[in-house]
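Heads up: the structure comes next, in structure tokens.
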Amino acid sequence: MSRGDAQPARALAKPAFSDPQASALVESVFGLKVSQIRPLPSYDDQNFHVRVAGAEGGPGGPCEYVLKISNAEASRTPELLQVQTHALLFLRAAGLPTASVCRSKGGGLTSLVSADGGSRVTSYVVRLLTYLPGIPVAEVPVGPLLLYEIGRLAANLDETLEKFHHPKLSCLHRENFIWNLRNVPLLEKHVDILGQGQNRELVVRVIQLFKDEVLTKLKHFRECL
């Protein structure tokens, strides 16, 4: 894995902004007055749910946002975040239910901020996205209709991204990137986290099935973003 492979390395790379610091970022970088802020779950980035006064978003404009602070390692690769951001804009323009990317006071889609960690100053890329309200799939009953809708949306997403072009697109293809489905076997080194039990057995079985049934045919599949 290119980033976050080892727990200590991920801990060093992940931002650790407090709620007041994140609130100050929204105000200084994006010019919005924060009325409420709370952390959101994340892996190696840091996310916050942000509320602003209705007037701050303009008449009829959004009043809820997501502040995304990218981890230190990704922030050293601005072209990677640039491609991700433009892909998001492309999907929204195509009519998919994605967040909007908000521009900073300087007009940029991303901004670089620095934080003093005591022993060193670290730079992080920050972005502000509109908040998409909803209920996570994990919290609702799953039936055939819902699974069909998820599959249809995934297919639409894949088909739309076939038309996406960017001069730095190749930077998305990172070797040993654990979130790439072709790298499922890399998860083997982490199965001990599950301890002993049914979950571990299931994961081990899925990884082995992937190696036997998918990995051998991978070269025949079209690679997606």
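The values are calculated or read from the model by the stated rules, or taken from the named source; none is laboratory data. Quick caveat, the model's predicted, so the values are computed rather than measured. Backbone-built Cβ (ideal geometry, glycine too); neighbour counts: all protein chains shown. Heads up: the accessible areas ignore ligands, DNA and RNA and are worked out on the full protein's heavy atoms, side chains in. Shrake-Rupley method; radii C 1.70, N 1.55, O 1.52, S 1.80 Å.
Couple of notes before you dig in:
- By accessible area, using a 1.4 Å probe on protein heavy atoms only, the chain has 57% of its surface on carbon and sulfur.
- Relative protection proxy for 193-206, 120-133, 166-179, from highest mean packing down: 120-133, 166-179, 193-206 (other beta-carbon atoms within 10 angstrom).
- Per residue, in Å², the accessible surface of the chain once ligands and nucleic acids are set aside, probe 1.4 Å: 62
- For region 164-225 versus region 111-135, the gap between their alpha-carbon centres in whole angstrom: 28
- LEU32 long-range amide H proximity, modeled H, under 5 Å: GLU27
- Percentage of interatomic Cα-Cα distances in region 111-225 larger than 25 Å: 53
- By the helix-only formula, in which each DSSP H run with n ≥ 4 contributes -39500 (n - 2.57) and the sum is divided by residues, the chain has a 222 nm mean residue ellipticity of -9500 deg cm²/dmol.
- Aspartates and glutamates with Cα under 20 Å of LYS219, excluding same-chain neighbours fewer than 8 positions away: ASP158, GLU159, GLU162, GLU175
- Dimensionless Rg/Rh of region 179-223 - Kirkwood Rh, Rg from C-alpha atoms: 1.03
- Partners for LYS33 among aspartates and glutamates (Cα-Cα distance below 16 Å; same-chain residues under 8 apart left out): ASP19, GLU56, GLU64
- Quarter of Cα convex hull surface for the chain, i.e. mean projection, nm²: 15.3
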